[in-house]
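What follows is one structure encoded as C-alpha coordinates, with my remarks underneath.
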Amino acid sequence: ERHMKTPLLATTAILGAITLSTPVFASHSVYGVLKGGWTDLDDRDIPSEVDTTDATVSLLGGVSFPLARDTFSVGVEGGAVWLGDYGDGNEVDISGIEAAAIGKARIATGTDLFLRAGALRWDAEFDHGSDEDGTDGFWGVGFSYGLDNLTFRGSVDRYSLDDADVEAYTLGLEYRFN
(Lines give C-alpha, C1' and ligand atoms only; values in the text may rest on other atoms or scores of the structure.)
Protein backbone atom coordinates (compact mmCIF):
# COMPACT_ATOMS: atom_id res chain seq x y z
CA GLU A 1 0.00 0.00 0.00
CA ARG A 2 2.86 2.40 0.76
CA HIS A 3 4.37 1.77 -2.67
CA MET A 4 1.05 2.68 -4.30
CA LYS A 5 0.91 6.07 -2.56
CA THR A 6 4.31 7.30 -3.83
CA PRO A 7 3.45 7.21 -7.58
CA LEU A 8 0.01 8.65 -6.88
CA LEU A 9 1.48 11.57 -4.91
CA ALA A 10 4.16 12.19 -7.56
CA THR A 11 1.58 12.14 -10.36
CA THR A 12 -0.69 14.51 -8.43
CA ALA A 13 2.22 16.91 -7.78
CA ILE A 14 3.29 16.92 -11.45
CA LEU A 15 -0.26 17.44 -12.76
CA GLY A 16 -0.81 20.17 -10.17
CA ALA A 17 2.40 21.98 -11.19
CA ILE A 18 1.45 21.80 -14.90
CA THR A 19 -2.09 22.99 -14.22
CA LEU A 20 -1.00 25.87 -11.97
CA SER A 21 1.49 27.07 -14.59
CA THR A 22 -1.17 27.55 -17.31
CA PRO A 23 -2.16 31.13 -18.25
CA VAL A 24 -5.61 30.74 -16.63
CA PHE A 25 -4.09 29.95 -13.25
CA ALA A 26 -1.39 32.60 -13.68
CA SER A 27 -4.10 35.29 -13.81
CA HIS A 28 -5.91 34.16 -10.68
CA SER A 29 -7.22 36.54 -8.04
CA VAL A 30 -6.79 35.96 -4.30
CA TYR A 31 -9.26 37.76 -2.04
CA GLY A 32 -10.64 38.06 1.46
CA VAL A 33 -14.22 38.85 2.52
CA LEU A 34 -15.61 40.27 5.75
CA LYS A 35 -19.40 40.34 5.81
CA GLY A 36 -22.14 40.75 8.33
CA GLY A 37 -25.90 40.96 8.45
CA TRP A 38 -28.83 39.11 9.89
CA THR A 39 -30.14 35.55 9.83
CA ASP A 40 -33.52 33.91 10.05
CA LEU A 41 -33.81 30.37 11.50
CA ASP A 42 -36.60 28.17 10.14
CA ASP A 43 -37.02 25.15 12.44
CA ARG A 44 -40.36 23.38 12.63
CA ASP A 45 -39.72 22.36 16.26
CA ILE A 46 -39.41 25.94 17.56
CA PRO A 47 -42.66 27.60 18.75
CA SER A 48 -43.68 30.67 16.73
CA GLU A 49 -43.26 33.05 19.70
CA VAL A 50 -39.52 32.26 20.00
CA ASP A 51 -37.10 34.78 18.44
CA THR A 52 -35.52 33.18 15.37
CA THR A 53 -33.53 36.13 14.02
CA ASP A 54 -30.04 37.27 14.95
CA ALA A 55 -26.84 38.81 13.59
CA THR A 56 -24.30 36.94 11.47
CA VAL A 57 -20.60 37.49 10.73
CA SER A 58 -18.34 35.68 8.24
CA LEU A 59 -14.64 35.87 7.42
CA LEU A 60 -13.78 34.18 4.12
CA GLY A 61 -10.80 33.75 1.84
CA GLY A 62 -10.92 32.71 -1.78
CA VAL A 63 -9.27 32.39 -5.15
CA SER A 64 -10.92 32.90 -8.53
CA PHE A 65 -9.82 32.14 -12.08
CA PRO A 66 -11.02 34.08 -15.16
CA LEU A 67 -12.49 31.93 -17.92
CA ALA A 68 -13.80 34.31 -20.56
CA ARG A 69 -11.84 37.59 -20.93
CA ASP A 70 -12.79 38.83 -17.47
CA THR A 71 -16.52 38.33 -18.10
CA PHE A 72 -16.83 35.03 -16.23
CA SER A 73 -14.76 33.44 -13.49
CA VAL A 74 -14.92 30.39 -11.25
CA GLY A 75 -13.27 29.81 -7.92
CA VAL A 76 -13.36 28.45 -4.42
CA GLU A 77 -13.77 30.20 -1.10
CA GLY A 78 -13.97 29.16 2.50
CA GLY A 79 -13.78 30.38 6.05
CA ALA A 80 -15.52 30.83 9.35
CA VAL A 81 -19.19 31.73 9.74
CA TRP A 82 -21.21 32.55 12.85
CA LEU A 83 -24.92 32.16 12.15
CA GLY A 84 -26.28 33.50 15.44
CA ASP A 85 -27.90 32.80 18.81
CA TYR A 86 -31.56 31.78 18.74
CA GLY A 87 -34.29 31.09 21.25
CA ASP A 88 -35.79 32.46 24.42
CA GLY A 89 -34.40 30.78 27.54
CA ASN A 90 -33.19 27.68 25.67
CA GLU A 91 -30.70 29.43 23.41
CA VAL A 92 -28.68 27.77 20.67
CA ASP A 93 -25.50 29.21 19.14
CA ILE A 94 -24.71 28.06 15.56
CA SER A 95 -21.30 28.46 13.93
CA GLY A 96 -19.13 26.60 11.48
CA ILE A 97 -16.54 26.37 8.73
CA GLU A 98 -17.68 26.57 5.11
CA ALA A 99 -16.18 25.69 1.74
CA ALA A 100 -17.83 26.66 -1.54
CA ALA A 101 -17.43 26.78 -5.29
CA ILE A 102 -18.31 30.18 -6.77
CA GLY A 103 -19.09 31.39 -10.27
CA LYS A 104 -19.05 35.11 -11.10
CA ALA A 105 -20.44 36.86 -14.18
CA ARG A 106 -19.51 40.47 -15.04
CA ILE A 107 -22.69 42.36 -15.99
CA ALA A 108 -21.21 45.88 -16.15
CA THR A 109 -17.91 47.60 -15.41
CA GLY A 110 -17.06 46.73 -11.81
CA THR A 111 -20.33 44.83 -11.21
CA ASP A 112 -20.50 41.05 -10.83
CA LEU A 113 -23.32 38.67 -10.02
CA PHE A 114 -22.37 35.39 -8.36
CA LEU A 115 -23.74 32.01 -7.42
CA ARG A 116 -22.07 29.85 -4.79
CA ALA A 117 -22.70 26.37 -3.43
CA GLY A 118 -20.85 24.30 -0.89
CA ALA A 119 -20.79 22.57 2.46
CA LEU A 120 -20.88 23.86 6.02
CA ARG A 121 -19.33 21.92 8.90
CA TRP A 122 -21.52 23.32 11.68
CA ASP A 123 -21.80 23.10 15.44
CA ALA A 124 -24.92 24.01 17.45
CA GLU A 125 -24.28 24.60 21.16
CA PHE A 126 -27.33 24.69 23.43
CA ASP A 127 -27.42 26.58 26.74
CA HIS A 128 -28.60 23.43 28.55
CA GLY A 129 -25.32 21.71 27.69
CA SER A 130 -26.06 19.44 24.75
CA ASP A 131 -24.48 19.99 21.35
CA GLU A 132 -25.31 18.93 17.83
CA ASP A 133 -23.07 19.04 14.78
CA GLY A 134 -23.01 17.97 11.19
CA THR A 135 -21.99 18.75 7.64
CA ASP A 136 -24.68 19.99 5.30
CA GLY A 137 -25.01 21.89 2.06
CA PHE A 138 -25.73 25.52 1.35
CA TRP A 139 -26.14 27.80 -1.63
CA GLY A 140 -26.24 31.52 -2.18
CA VAL A 141 -26.58 34.35 -4.69
CA GLY A 142 -25.16 37.83 -4.59
CA PHE A 143 -23.41 40.75 -6.20
CA SER A 144 -20.19 42.70 -5.86
CA TYR A 145 -19.46 46.24 -6.97
CA GLY A 146 -16.21 48.18 -7.07
CA LEU A 147 -13.55 49.41 -9.46
CA ASP A 148 -10.36 48.77 -7.54
CA ASN A 149 -9.16 46.07 -5.16
CA LEU A 150 -11.86 46.90 -2.58
CA THR A 151 -15.42 45.97 -3.55
CA PHE A 152 -18.78 46.09 -1.84
CA ARG A 153 -20.52 42.69 -1.63
CA GLY A 154 -24.09 41.63 -0.83
CA SER A 155 -25.52 38.13 -0.69
CA VAL A 156 -28.28 35.83 0.45
CA ASP A 157 -27.20 32.34 1.58
CA ARG A 158 -29.41 29.41 2.57
CA TYR A 159 -27.88 26.83 4.92
CA SER A 160 -29.69 23.49 5.39
CA LEU A 161 -28.80 22.04 8.83
CA ASP A 162 -30.46 18.70 9.58
CA ASP A 163 -34.05 19.69 10.47
CA ALA A 164 -33.53 23.46 10.27
CA ASP A 165 -32.77 26.03 7.58
CA VAL A 166 -30.92 29.30 8.17
CA GLU A 167 -31.10 32.17 5.70
CA ALA A 168 -28.33 34.76 5.97
CA TYR A 169 -28.71 38.25 4.45
CA THR A 170 -25.30 39.93 4.40
CA LEU A 171 -23.39 43.01 3.25
CA GLY A 172 -19.65 43.27 3.37
CA LEU A 173 -16.31 44.13 1.82
CA GLU A 174 -14.16 42.04 -0.50
CA TYR A 175 -10.47 42.89 -0.88
CA ARG A 176 -8.42 41.49 -3.79
CA PHE A 177 -4.78 41.02 -2.81
CA ASN A 178 -3.46 40.86 -6.40
Residue 84 vs. criteria open to solvent by less than 40 Å² (accessible area, probe 1.4 Å), in a strand (DSSP E or B), touching a residue at least 60 places away in the same chain (Cβ under 8 Å) and more than 18 Å from residue 139 (Cβ to Cβ): yes
Pull out all pairs, ordered by first then second residue, where Cβ-Cβ is under 9 Å, the residues are six or more apart or on different chains, the first lies in region 50-69 and is over 17 Å from residue 149 (Cα atoms), and the second is part of a loop (DSSP other than H, G, I, E, B) and modelled with pLDDT under 90. 50/87; 50/88; 50/89; 50/90; 51/87; 51/88; 52/46; 52/87
Only one of 168, 108, 164 is in contact with a Gly (Cβ under 7 Å, 6 or more places away or on another chain) and either under 15 Å from residue 43 (Cα atoms) or open to solvent by 40 Å² or more (accessible area, probe 1.4 Å) (or both), namely 168
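Going by the conditions given, is residue 148 open to solvent by 60 Å² or more (accessible area, probe 1.4 Å), acidic (Asp, Glu) and not in a strand (DSSP E or B)? Don't jump to the end; show me each part of the working.
Working: open to solvent by 60 Å² or more (accessible area, probe 1.4 Å): yes; acidic (Asp, Glu): yes; not in a strand (DSSP E or B): yes.
Criteria met by residue 148.
Identify, from the list 107, 94, the residue that is in contact (Cβ under 8 Å) with a residue 60 or more places away in the chain and among the β-branched types (Val, Ile, Thr).
On the way: 107 fails: in contact (Cβ under 8 Å) with a residue 60 or more places away in the chain.
After applying the criteria, what remains is 94.
Out of all the residues in region 39-50, is one or more at pLDDT below 65 and either under 26 Å from residue 175 (Cα atoms) or touching a Cys at 6+ places or on another chain (Cβ under 7 Å) (or both)?
Step one: of region 39-50, the residues at pLDDT below 65 are 44-49.
With either under 26 Å from residue 175 (Cα atoms) or touching a Cys at 6+ places or on another chain (Cβ under 7 Å) (or both) added as a condition, the list becomes none.
Looking for residues that are at pLDDT below 65 and either under 26 Å from residue 175 (Cα atoms) or touching a Cys at 6+ places or on another chain (Cβ under 7 Å) (or both), one finds none in region 39-50, hence no.
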If I filter region 16-35 down to residues being closer than 25 Å to residue 120 by Cα and open to solvent by 30 Å² or more (accessible area, probe 1.4 Å), which single residue comes out as modelled with the lowest pLDDT? 28
Which of the residues that make up region 111-137 are open to solvent by less than 50 Å² (accessible area, probe 1.4 Å) and among the β-branched types (Val, Ile, Thr)? 111
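The values are calculated or read from the model by the stated rules, or taken from the named source; none is laboratory data. Quantities reported herein were computed from a predicted structural model and do not represent experimental measurements. No Cβ is skipped: glycine too gets one built from the backbone with ideal geometry, and neighbour counts run over all protein chains shown. Side chains are part of the model used for accessible areas, which takes the heavy atoms of the whole protein and leaves out ligands, DNA and RNA. Shrake-Rupley method; radii C 1.70, N 1.55, O 1.52, S 1.80 Å.
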